[in-house]
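Have a look at the structure below, then the notes.
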Amino acid sequence: LKALVSYPAHPEAYDDLAVAAMLGEAGLARFVPALHDVLVGGKPWAQVLSGGQKQRLVLARILLHRPDVLLLDEACAAMDPDATIEFHRVLREHLPDAIVLSVMHEHEPPVSPEGDPFYPALVVIEDGVARMEALAPAAGTLRYAAE
């Protein structure tokens, strides 16, 4: 599991505590005891984790690596609406200055429980024509969602 979270870096590039903390932030704390396990109940992680859990694993990886630019493609497609909101909340909290371009096919981009958009603008592409719609004033971040 540590290798999956650390990828593409070698697992030894990060200490166990840092990886465990990011798994917790991503909502996967229950798997921390199996951090060094290659198999769980005789099955590889790909067969153990659900689609949404795999997307949470990617969130843990993002939080661990702390990139300046994120290109997300259907990053929450296997998550329920509450998990999608939590994914974006955690991203905003841990990477407030990251530039995020998120491709999603939902009719509406995710908003916080308070109703605040996670992205200041939406780029809608229909019939080969793109238009940008402002969603909220940019709060010092550059984040764009594309549909």
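Some points to look at:
- Listed residues Q55, I99, P11: farthest to the positive end of the dipole of the stretch 1-128 (Cβ charges): P11
- Cα gyration tensor of the chain - equivalent ellipsoid semi-axes, whole Å, descending: 30, 16, 13
- For the stretch 78-122, the direction-averaged projected area of the alpha-carbon convex hull comes to 3.4 nm².
- Three principal axis lengths of the stretch 1-71 [C-alpha, angstrom, descending]: 37, 25, 19
- Potential extension, H65-I99 segment - 0.36 nm per residue separation minus Cα distance: 10.8 nm
- Per-residue 3J(HN,Hα) values for the stretch 28-39, derived from phi via the Karplus relation 6.51 cos²θ - 1.76 cosθ + 1.60 with θ = phi - 60°, read 10, 4, 5, 8, 4, x, 9, 3, 9, 7, 7, 10 Hz in sequence order (x marks Gly and Pro).
- Only beta bridges with both residues in the chain are counted; by DSSP, about 45 percent of them are antiparallel.
- Charged side chains reduced to their Cβ positions (Lys and Arg at +1, Asp and Glu at -1) give the chain a dipole of some 520 debye around its Cα centre.
- Over the chain: helical MRE at 222 nm, DSSP H runs n ≥ 4 each giving -39500 (n - 2.57), nearest 500: -9500 deg cm²/dmol
- Net charge over other residues, Cβ less than 15 angstrom from the Cβ of F31 (K, R count +1; D, E count -1): +3
- Order of exposure, largest accessible area first, which applies to D127, D37, D97 with probe 1.4 Å: D127, D97, D37
The values are calculated or read from the model by the stated rules, or taken from the named source; none is laboratory data. These figures come from a predicted structure and were not determined experimentally. Glycine gets a Cβ as well: all are built from the backbone with ideal geometry, and neighbour counts include every protein chain shown. Note: accessible area is taken over every heavy atom of the protein model, side chains too, but ligands, DNA and RNA are not part of it. Shrake-Rupley method; radii C 1.70, N 1.55, O 1.52, S 1.80 Å.
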